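Below is one structure; the comments refer to it alone.
The values are calculated or read from the model by the stated rules, or taken from the named source; none is laboratory data. Keep in mind that this is a model prediction, so the values were computed, not measured. For neighbour counting, all protein chains shown are included, and Cβ atoms are generated from backbone atoms with ideal geometry for every residue, glycine included.
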Amino acid sequence: MKEDFRITHTKLVTQETKTTKLFLILFYLLFLSFDAFYYFLYPLLKGKKQGIPNEGLGIWLYVIVIGLLPIGMYFLKNQKPFIVKYIYLFGYLGTDIIHNLIIYLNSEKPFQAGNIVEILFVLFTPIFVNRKYFWIASSTLIGKYILLGILLRDSHVLLPILIFLVFTAIAFVILNRFFSYIRSLTSIHEEFRQNEKLAVIGQMATAIGHEIRNPLASLRGFSQLQLERNPTTSEFYPIMIQEIDRINIIVNDLMYLGKPNVVKLKKENIEEIIAYTLSISKHQAEQYGVIFETFMEGPLPSIECDGHQLKQVFINLFKNAIESMPEGGQIKIKIKVIETGRMLISILDQGLGIAGEQLKSLGEPFYTTKTEGTGLGLMVCHQIIKDHLGQLNFESKIGLGTKVDVILPIRQ
Ligand code: ADP
Ligand code: MG
């Protein structure tokens, strides 16, 4: 983690150094060429006297601004590029304010706005991709003209203020555009990484799962056989069978990650699917002191679904409901046809419930609040129900319990 941070930081320093160098080149190019034009070329064309006027800081303005260069270079060399833009912002503007005050304070001359290099400060904020710098740079620049306006009592500052407001707005739009672009890139990258992680886990899980399932099936078979042979002598066989079933559920969930999700639709009887699932969950329910109660409304039509996959869904949902009730209780299963040709299966527990902010995380791979949980169950449920074009909804109250609604199309 620390290593990761160092690498990221080094990359950022490199980026900032590059940007700062570009900024410095443009800064001096603009600063010097603007004044060269203003004080030499322009008067030359007009046949007037040329040269740097001897007012304000005069030549010292240039000495100070060029003197900022070794300071900037020092910080660049020492891997501290982030501060350089601030040194220039405050160094240049501070010098410029003093320069202007010397010229215009106690003088009748109308105020003339400074070098266009100032616009560079604002327009470079999106390139530094730094919100804090944006706010500081734009408010300092506008603040400079407001301050001069107040001190000199001169309304000529209004035009530069207006111009800077426009440039600030443009820079703001570009900056936000950059940020939203970076955000979407990051989220695509994150999603890609998550998918890649899942794909690798899935492939491994499928390979291992295949190898585990067969020996597991024979283990379960033999344990069952022993239980039938010695029904009274050992209490361990039911536990062995139950534990094997538990491994089976986990292996099935894991294997689902790696398989291409093809649903084999067949007409199935939902009552049978639920009855089968309940028989699997029976052992665990007994252990937790949980009783199941099933309510069915009217004659239920068969639905087109992949029975095997739906069993996996209900095994997981019942298991979660049972595990939410360590003190025991009742789980109600209500099945009915809802008017739009869809079937609703509600599972209501009286368990611990799920907090509002956790509801959003349900179904994320590996999200679990249990010490022995895998965080795979609901992810598999969501995927299977989605493949069936159905819906999986959760409603929960902390301390009262959770209602899970599975809605499936009947399709007949
Ligand atoms: P696991 O059961 O292995 O933790 P799941 O994906 O099945 O993984 O469930 C994820 C999490 O959702 C659980 O850890 C639990 O916090 C919460 N959860 C799911 N169903 C219920 C429920 N019926 N009552 C309370 N919490 C639940
Ligand atoms: Mg679970």
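Things worth noting here:
- Whenever a residue of segment 367-388 is more than 11 Å from D253 (Cα to Cα), its partners that are near ligand 1 (Cβ under 8 Å from one of its atoms) and in a helix (DSSP H, G or I), lying with C-beta atoms within less than 9 angstrom and at least six residues away or across chains, give the pairs Y367/Q358; Y367/L378; Y367/M379; T368/G377; T369/Q358; K370/E323; G373/E323.
- Scanning segment 20-39 for residues that are under 16 Å from L120 (Cβ atoms) and either touching a Pro at 6+ places or on another chain (Cβ under 8 Å) or outside the structural domain of Q79 (by TED's automatic domain parsing) (or both) gives a single hit, T20.
- Set T95, T168, T125: member being polar (S, T, N, Q), buried (at least 18 other Cβ atoms within 10 Å of the Cβ) and closer than 18 Å to T20 by Cβ: T125
- Segment 323-340, residues that are closer than 21 Å to M296 by Cβ and either within 30 Å of the chain's Cα centre (by Cα) or among the aliphatic types (A, V, I, L, M) (or both): I331, I333, I335, V337, I338
- I345 passes every criterion in (1) within 15 Å of G390 (Cα to Cα); (2) away from ligand 1 (no atom under 15 Å from the Cβ) apart from (2).
- Some residue of segment 324-340 being of a type in the set (D, E), at pLDDT below 95, within 29 Å of I201 (Cβ to Cβ) and more than 7 Å from ligand 1 (Cβ to nearest atom): no
- Residue check, V129 in the same structural domain as T8 (by TED's automatic domain parsing), touching a residue at least 24 places away in the same chain (Cβ under 8 Å) and on the phi > 0 side of the Ramachandran plot: yes
- Qualifying residue in segment 179-198 (condition: in contact with a Leu (Cβ under 9 Å, 6 or more places away or on another chain) and of a type outside the set (S, T, Y)): yes
- As a summary of the residue check, G351 satisfies the conditions (1) at negative phi; (2) within 13 Å of ligand 2 (Cβ to nearest atom); (3) under 30 Å from the mean Cα position of the chain (by Cα) except for the one numbered (3).
- Residues in segment 321-346 that are within 16 Å of ligand 2 (Cβ to nearest atom), touching a residue at least 60 places away in the same chain (Cβ under 8 Å) and closer than 18 Å to V380 by Cα: 1 in all.
- Condition check for T8: surrounded by fewer than 12 Cβ atoms within 10 Å (Cβ to Cβ) and either in contact (Cβ under 8 Å) with a residue 24 or more places away in the chain or polar (S, T, N, Q) (or both): yes
- Only one entry of V63, V84 meets the criterion of being under 30 Å from L152 (Cβ atoms) and β-branched (V, I, T), and that entry is V63.
- Single residue of segment 391-402 satisfying the filter (assigned to a strand (DSSP E or B) and surrounded by fewer than 17 Cβ atoms within 10 Å (Cβ to Cβ)) that is nearest to ligand 2 (Cβ to nearest atom): F394
- Per this entry, I385 is not counted among residues that are touching a strand residue (DSSP E or B) at 6+ places or on another chain (Cβ under 8 Å), surrounded by 14 or more Cβ atoms within 10 Å (Cβ to Cβ) and part of a strand (DSSP E or B).
- Every condition in (1) surrounded by 14 or more Cβ atoms within 10 Å (Cβ to Cβ); (2) over 18 Å from I116 (Cα atoms) is met by G67 except one, and the failing one is (1).
- Of all residues making up segment 275-295, the number that are in a helix (DSSP H, G or I) and under 19 Å from S324 (Cβ atoms): 11
- Filter result for G373 (surrounded by 16 or more Cβ atoms within 10 Å (Cβ to Cβ), near ligand 1 (Cβ under 8 Å from one of its atoms) and part of a loop (DSSP other than H, G, I, E, B)): no
- Just one of the numbered conditions (1) within 13 Å of ligand 2 (Cβ to nearest atom); (2) buried (at least 20 other Cβ atoms within 10 Å of the Cβ) is not true of L408: (1).
Let's see how each residue does on (1) exposed (fewer than 15 other Cβ atoms within 10 Å of the Cβ); (2) touching a residue at least 40 places away in the same chain (Cβ under 8 Å); (3) assigned by TED's automatic domain parsing to the domain that holds V313; (4) touching a Pro at 6+ places or on another chain (Cβ under 8 Å):
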{"site": "M240", "(1), (2), (3), (4)": "no, no, no, no"}
{"site": "R246", "(1), (2), (3), (4)": "yes, no, no, no"}
{"site": "D253", "(1), (2), (3), (4)": "no, yes, no, no"}
{"site": "A275", "(1), (2), (3), (4)": "yes, no, yes, no"}
{"site": "I280", "(1), (2), (3), (4)": "no, no, yes, no"}
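- Flag for L317 being surrounded by fewer than 19 Cβ atoms within 10 Å (Cβ to Cβ) and hydrophobic (A, V, I, L, M, F, W, C): no
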